[in-house]
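Beneath this line is the structure, given in structure tokens, with notes to follow.
The values are calculated or read from the model by the stated rules, or taken from the named source; none is laboratory data. Quantities reported herein were computed from a predicted structural model and do not represent experimental measurements. Positions of Cβ are backbone-derived with ideal geometry, glycine not excepted, and every protein chain shown enters the neighbour counts.
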Amino acid sequence: MKAAMRRLVRADPDDRWAAAFGRIAVYSFLVALVTGILLLPFFRPSMTPVVYHGSYRKLDGLPMSRAYQSTLNTSFDVRGGLLIRQVHHWSADLFVAAVCLRLVRVFFRGRFRLPDWLIWVGLLLAGMLVGLSGTILPDDMLSGGSLTLLAAVLMSLPVSGTHLATLIFGGSFPGHVIIWRTYWVHIVVLPVVLGALLLLSYRIGRPRRSTRCGCTDRTCRAASARVRCRTGTWASSTGRCGSCQPGSSRSAVIRCRWTC
């Protein structure tokens with residue numbers, strides 16, 4: 001466990017905790033993706049009214065939408081269905097929390113780079129949209145509250161608010177197509193956006209190999225900042241790993257936390 005934690009926090013020499021929060025976000029996204037795929041065969045994104053007859057006796061014989069019926073069947077009639085739903089829910093919450101912690105950590109330490117910072121802000125917004133769309137899908141009371149909030153926000157927009165709400169809901173609120181439209185946004189559009197942003201952040205933040213010192217650029221900079229001559233005096237480097245300022249009579253010894 002200790003070795004795994006050390007690997008988790010040593011990936012980025014600039015800020016190890018920011019790297020740890022980033023990795024937690026990636027792992028949470030993968031867990032949410034896998035559990036979402038497992039839930040796909042059991043969910044029916046339809047607002048067609050049906051009468052429920054299932055294991056949950058308190059709602060037996062009551063009319064409801066097909067989406068809510070499939071949600072209840074997944075929770076109470078599918079083995080492990082409720083567990084998978086909860087893991088899916090909490091992994092999405094953990095993803096948003098990890099992204100927030102990474103943004104706060106990087107911002108207050110002043111170590112953010114503009115492209116990478118904007119990517120993680122986009123990840124936060126996309127993660128919040130995934131959470132909102134996920135609460136809409138079951139078509140229960142929580143879904144109704146989320147839809148009411150969404151409709152109120154859209155209607156409050158000046159000039160285009162009414163037309164935008166009509167376009168999204170397919171008519172008057174709540175309409176009959178919002179579950180179907182939200183379903184495809186939730187399982188196709190937003191996961192693709194999140195995966196692309198995570199991949200882009202990895203490509204931008206990946207350390208590159210240096211041809212002069214055989215290690216990464218960040219490692220080379222961290223090492224060259226701590227050069228100790230064999231005479232026992234500290235000296236800054238000239239940019240080449242293992243060399244001291246001109247005038248040093250002895251060769252340099254690199255003492256660095258980051259291993260090449």
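Okay, residues lined up against (1) in contact with a His (Cβ under 7 Å, 6 or more places away or on another chain); (2) loosely packed, with under 14 Cβ neighbours inside 10 Å; (3) more than 27 Å from residue 168 (Cα to Cα); (4) modelled with pLDDT of 95 or more:
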{"residue": "91", "(1), (2), (3), (4)": "no, no, yes, yes"}
{"residue": "97", "(1), (2), (3), (4)": "no, no, yes, yes"}
{"residue": "103", "(1), (2), (3), (4)": "no, no, yes, no"}
{"residue": "109", "(1), (2), (3), (4)": "no, yes, yes, no"}
{"residue": "114", "(1), (2), (3), (4)": "no, yes, yes, no"}
{"residue": "123", "(1), (2), (3), (4)": "no, no, no, no"}
{"residue": "138", "(1), (2), (3), (4)": "no, no, no, no"}
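Across segment 103-124, what is the total count of residues that are within 15 Å of residue 200 (Cβ to Cβ) and either in a helix (DSSP H, G or I) or within 10 Å of the chain's Cα centre (by Cα) (or both)?
As a first pass, look at segment 103-124 and keep what is within 15 Å of residue 200 (Cβ to Cβ): 113-124.
Filter once more, so that each one left must be either in a helix (DSSP H, G or I) or within 10 Å of the chain's Cα centre (by Cα) (or both): 114-124.
Going through segment 103-124 one residue at a time, the tally reaches 11.
For residue 61, are the conditions met, namely being within 25 Å of the chain's Cα centre (by Cα) and at pLDDT below 95? It would help to see each step written out before you state the result.
Numbers: within 25 Å of the chain's Cα centre (by Cα): no; at pLDDT below 95: yes.
Taking the combined requirement at face value, the residue does not satisfy it.
Please determine whether any residue of segment 156-176 is in contact with a Ser or Thr (Cβ under 8 Å, 6 or more places away or on another chain), surrounded by fewer than 16 Cβ atoms within 10 Å (Cβ to Cβ), in the same structural domain as residue 41 (by TED's automatic domain parsing) and within 29 Å of residue 71 (Cα to Cα).
yes
Please list, ordered by first then second residue, the pairs with beta carbon atoms under 8 Å, 6 or more apart or interchain, first in segment 95-108 and touching a residue at least 12 places away in the same chain (Cβ under 8 Å), second among the hydroxyl-bearing types (Ser, Thr, Tyr).
95/28; 98/28
Among the residues of segment 27-47, write down those that are without any contact (Cβ under 8 Å) to a residue 40 or more places away in the chain and not in a helix (DSSP H, G or I).
Of segment 27-47, the ones without any contact (Cβ under 8 Å) to a residue 40 or more places away in the chain are 27, 30, 34, 37, 41-42, 44.
Matches in segment 27-47: 44 only.
Here is a list of conditions, (1) farther than 25 Å from residue 175 by Cα; (2) outside any helix (DSSP H, G or I); (3) of a type outside the set (Lys, Arg), and residue 50 meets all of them except one; can you say which number that is?
(1)
From 142, 154, 167, grab the single residue that is out of contact with any helix residue (DSSP H, G or I) (no Cβ under 9 Å at 6 or more places or on another chain), at pLDDT 85 or above and part of a helix (DSSP H, G or I).
167
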